[in-house]
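To keep things clear, I will list the structure first and then write my remarks on it.
The values are calculated or read from the model by the stated rules, or taken from the named source; none is laboratory data. Values in this document were obtained by computation on a predicted structure and should not be read as measured data. Every residue, glycine as well, gets a Cβ built from its backbone with ideal geometry; the counts of neighbours run over all protein chains shown.
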Amino acid sequence: MSLRLPVLVSAAALALVASVATAAPRLLADLTGKWEMSIDSPGGPQPATMTVTHKDSSLTGTFDSAFGSAPLTGTVKGDSVKFSLQIDVGGQVLAILGAAAVKDNTINGVLDVSGMGGMPFSAARKP
């Protein structure tokens, strides 16, 4: 009877380690790379590209579109990503805030563009 408790504790610890190890790749996914985006704007779908470096919970990189290029910064927590950038469009600076969910090699979310409201977007990782 006294042997049961250590066996049960060991089995519970092993199950905990296995569940953490299974969840770890999802929590620690590396978003570093080039992402092709499609933004649902009021004028129709707009292509863009994000090139990002992901280190710990931080993102840095560049956003490129037909309207220009701008540096971006952001954070990653679990499968959620948030980023921001400011892009100069013909002398008018637009602040863009992105919030999205990451699943495998796709990102889906909304860009909050100053003065224009929210615009859904999707992005796929380039090989």
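Here are some conditions: (1) within 12 Å of the chain's Cα centre (by Cα); (2) touching a residue at least 40 places away in the same chain (Cβ under 8 Å); (3) under 20 Å from LYS126 (Cα atoms). LEU59 meets all but one. Which one does it not meet? LEU59 satisfies all of (1) within 12 Å of the chain's Cα centre (by Cα); (2) touching a residue at least 40 places away in the same chain (Cβ under 8 Å); (3) under 20 Å from LYS126 (Cα atoms) except (2). Looking at VAL81, VAL76, VAL52, just one residue is part of a strand (DSSP E or B) and farther than 16 Å from SER122 by Cα, and that residue is VAL76.
Among the listed residues VAL89, VAL113, VAL93, which satisfies the condition of being assigned by TED's automatic domain parsing to the domain that holds ILE39, under 15 Å from ALA48 (Cα atoms) and surrounded by fewer than 16 Cβ atoms within 10 Å (Cβ to Cβ)?
The conditions single out VAL89.
Scanning segment 62-75 for residues that are under 15 Å from the mean Cα position of the chain (by Cα) and either farther than 12 Å from ILE96 by Cβ or touching a residue at least 60 places away in the same chain (Cβ under 8 Å) (or both) turns up THR62, THR75.
Within segment 102-127, residues that are more than 18 Å from GLN86 (Cα to Cα) have Cβ atoms under 6 Å from residues that are surrounded by 15 or more Cβ atoms within 10 Å (Cβ to Cβ) and polar (S, T, N, Q) in these pairs: ASN108/SER122, counting only partners at least 6 apart in sequence or on another chain.
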